[in-house]
Amino acid sequence: MAPMRILLLNGPNLNTLGSREPEIYGSATLADIQRAVTDRAAGLGADVRAFQANSEGDLIDWLQREAGTADALIINAGAYTHTSLALRDAVAACDLPVIEVHLSNVWKREEFRHESLLSPLASGVIVGLGAQGYVLAVDALGRILKGTE
């Protein structure tokens, strides 16, 4: 039996983590986060395929290419969370369990960040726990995929 495969999709500006507004987003880099997710997933017998892009089309193209070989999706769509109907439709079409992650607590920020086009598609949403939120997303997907959640 093939190992579980989790997709990790990160949107615009997340490539600048570690240097971009660390008071909001923390000091972990995207590489740190990807390593933590991969390590946690390995402990559950899962593989991770990670991708980050600043372009909406690149995110959609990657998701469409990878979704057929995956069991679940962790997504931090960055600003596209609040604006991209196209990305929302691609997430819906992939028909995977989804955990939406945000490093900061969007509810303590500007009002436009309170609306997520992705949340209605998600099995769960983790906000405000920094990089640890991604690791918690792996744990949640492990339970969902094993049917214990």
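The values are calculated or read from the model by the stated rules, or taken from the named source; none is laboratory data. Because the structure is a prediction, the values reported are computed rather than measured. Cβ atoms come from the backbone with ideal geometry, glycine included; neighbour counts cover every protein chain shown. To get the accessible areas, we keep the full protein, side chains included, count just its heavy atoms, and leave off ligands, DNA and RNA. Shrake-Rupley method; radii C 1.70, N 1.55, O 1.52, S 1.80 Å.
To two decimal places, what compactness ratio does the stretch 44-100 give when its Cα radius of gyration is scaled by 2.2 N^0.38 Å?
Numbers: Rg = 11.0 Å, N = 57, 2.2 N^0.38 = 10.2 Å.
Normalised Rg, Cα atoms only: 1.07.
Think of the stretch 73-149 as having a plus end and a minus end, set by charges on the Cβ of Lys, Arg, Asp and Glu; of Ile75, Ile99, Gln132, Gln132 sits farthest toward the positive end of this dipole.
In this entry, the stretch 25-149 is assigned a mean projected area of 7.3 nm², taken as a quarter of its C-alpha convex hull surface.
Along its first, second and third principal axes, ordered by size, the stretch 87-148 spans 36, 27, 15 Å in Cα coordinates. Model label sites at Gln132 and Thr16, defined 7 Å from Cα along the beta-carbon direction, differ in position by 2.7 nm. With helices as the sole contributors, the chain gives -11000 deg cm²/dmol at 222 nm; each DSSP H run of n ≥ 4 counts as -39500 (n - 2.57), and the sum is divided by every residue. When peptides 61-68, 91-98, 6-13 are sorted by average Cβ neighbour count within 10 Å, with the highest value leading, the order is 6-13, 91-98, 61-68. Heavy-atom surface analysis with a 1.4 Å probe gives the stretch 47-149 a carbon and sulfur content of 48 percent of its accessible area.
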